[in-house]
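To start, the structure under review is shown below, and the notes come after it.
Every number in this text was worked out from the coordinates using simple rules, so none of it is lab data. The structure presented is a predicted model; accordingly, all values stated were derived computationally and were not measured. With ideal geometry, Cβ positions are generated from the backbone for all residues, glycine too; neighbour counts draw on all protein chains shown.
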Amino acid sequence: MRFHIITHGCQMNVCDSDWLHRALVDLGGEPADEESAEVFVVNTCSVREKPEQKVYSLLGRLQGYWQRNPNVFVAVGGCVAQQVGTRFWKRFPHVRLVFGTDGIAMVPQAVDRLRSDPQLRLSLLDFEEHYPEREQLWPEAEVPAQAFVNIMQGCDNYCAYCIVPYTRGRQKSRSSAAVLQECRELARRGAREITLLGQNVNSYGQDANGDGTSFAALLEQVCAIPGIEQVRFTTSHPKDIAPEVIAAFGRLPELSPHLHLPLQSGSDRILKAMRRRYTRQRYLDIVTGLRQARPEITLTTDLIVGFPGETEADFEQTLEMMREVGFASSFSFKYSDRPGVAAEQMEDKVPEEIKSHRLQRLQSLQEELTGEALQAEVGRHVTVLLREPGRQDGGGVIWRGRDPGGRVVNCRTELDSALIGSYVGVRVTEAKKHSLFGEVETGPW
């Protein structure tokens, strides 16, 4: 069986696709490019309308492979699959498996059944009451230096604009024992940096599936695992971040000095309409606490423009918050209706042209803030985990990696051996538009 996995969306989808890759290889499957694949797995995102439309376009393109070879089929998973379900079958005859976010553990066996019965179609769309634990499969002896580990599934917040609770279900924390076992196994196989994943990691353990371990306690235990040199986590919700988690940035050297903390809006009125359950002052207090605990911490965020009812004054408050916090970078989007969410029924929708203009202004400000943040790094010495080699120039090979604050760093080195997953010490010499450039001074190690 030759398979090809296509992943859209968040890091949780990337993590899920990595597991599917290992599971299909364990069943005897062989990764392949599009042209030679017999089975396509499409892991989808529906957080906004545009990524959802990309799925339909992709499935239309993949239909050509099925028309040339009727044995080819597609499995569609993730949030769009949970939302659309078996309706995919009416529009796309080559789609034979639809699986939701709680059905991933059963996908390898389902693919095996579909290959043996060409007339069969299957759906795996039920939500589970507990975290759906998956068999930990390691067909390859080593793993990449950077690894993702899911610690929970689903969300109980029901923000007015967000479809995630409807496509990933209610919050279900994974047992701390299972999380730690996976982290230890990854470290044993070569992982040096682990990112803990969840829709709202700060509420880990606070649902009925919790085993009494708080997120702060879990962080401490993961940071203590031998071989793990850097720990990151995403995504955080400001309303749930505990003082113990803020303090952990000052206590745990393995904890990356970077936090992605979605703001969404700088207006209290809009935050209330969004059902975010914090105020701008609460957010600023968190920022103050984080910088007291770890002065060098890098803060990034998510922002939505044009939420229903957003006025120019509301938008200006968002710009003010961006300046006050000084975000190093941000993901910013125009509001779009998602089916079934509360904001879909709200009146006073912001016209598209106003949303576009506000997004342009916001992103222009972010470019200024990003430029200032990157320029401040020039002259500093940073540790970089190398991820991929780039072009060669007269002075050596240009490698790309990230520093502990999550910034992209390109660095020149005369070393041309296999450095992926190695650390090097870099002196930053130049700030580019979205990255840093520097010279390797120490390492690799």
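General observations
- Annotation for the stretch 104-143: GluC sites (Glu not before Pro) lying in DSSP loop with at most 13 further Cβ atoms inside 10 Å of their Cβ are E129, E133, E135, E140, E142.
- Computed about the Cα centre, the dipole magnitude for the stretch 99-164 is approximately 280 debye when only Lys and Arg (+1) and Asp and Glu (-1) carry charge, each at its Cβ.
- Over 13 Å [Cα-Cα, the stretch 211-254], rounded percent: 56
- Distance cut-off 23 Å, percentage of C-alpha pairs in the stretch 364-445 lying past it: 17
- Backbone geometry of the stretch 148-157 corresponds, through the Karplus equation with coefficients 6.51, -1.76 and 1.60 at θ = phi - 60°, to 3J(HN,Hα) couplings of 9, 9, 6, 10, 6, 9, x, 7, 10, 7 Hz, x marking Gly and Pro.
- Between the residues G190, S176, P165, the greatest Cα displacement towards the positive end of the dipole of the stretch 141-256, with unit charges on the Cβ of Lys, Arg, Asp and Glu, is found for P165.
- The chain: radius of gyration over Cα atoms, expressed as a fraction of 2.2 N^0.38 Å: 1.01
- Bridge type composition, the chain - antiparallel percent by DSSP, nearest 5: 35
- By the rule of a C-alpha distance below 25 Å, with chain neighbours fewer than 8 residues away ignored, the lysines paired with K90 are K50, K54.
- Simple rule: put +1 on each Lys or Arg Cβ and -1 on each Asp or Glu Cβ in the chain, find the dipole, and look at I398, F233, S256; the Cα lying farthest toward the positive end is F233.
- Magnitude of the charge dipole for the stretch 346-445, about its Cα centre and with charges confined to Cβ atoms of Lys, Arg (+1) and Asp, Glu (-1), is about 100 debye.
- Amide proton proximity set for L255, modelled H, under 5 Å, gap of 5+: V231
- Between the amide H of S329 and those of T301, distances stay under 5 Å, these residues lying 5 or more places away or on another chain, with hydrogens modeled in the peptide plane.
- For T101, T235, order by how many other beta-carbon atoms lie within 10 Å, fewest first: T235, T101
- Sparsely packed GluC sites (Glu not before Pro) within the stretch 350-442, loop by DSSP, other Cβ within 10 Å at most 10: E414
- Each Lys and Arg adds +1 at its Cβ and each Asp and Glu adds -1 at its Cβ; summed about the Cα centre, the chain shows a dipole of about 640 debye.
- The stretch 280-376: equivalent-ellipsoid semi-axes (sqrt of 5 x gyration tensor eigenvalues, Cα, Å): 27, 16, 11
- In the stretch 2-124, taking the dipole from charged Cβ atoms about the Cα centre, the farthest positive-side position among G77, I5, A32 is held by G77.
- Across the chain, C-alpha contacts under 8 Å between residues 6 or more apart give a mean separation that, scaled by the residue count, equals a relative contact order of 9 percent.
- Unit Cα scatterers, Debye sum, the stretch 215-348: log10 I(q)/I(0) for q = 0.11, 0.12, 0.17 Å⁻¹: -0.45, -0.52, -0.91
- Where the Cα pairs of the stretch 2-124 fall when distances are cut into 5 Å bins, in %: 2, 12, 25, 27, 22, 10, 2, 0
- Neighbourhood charge, 15 Å Cβ-Cβ cut-off, centred on K272 and excluding it, Lys, Arg +1 and Asp, Glu -1: +3
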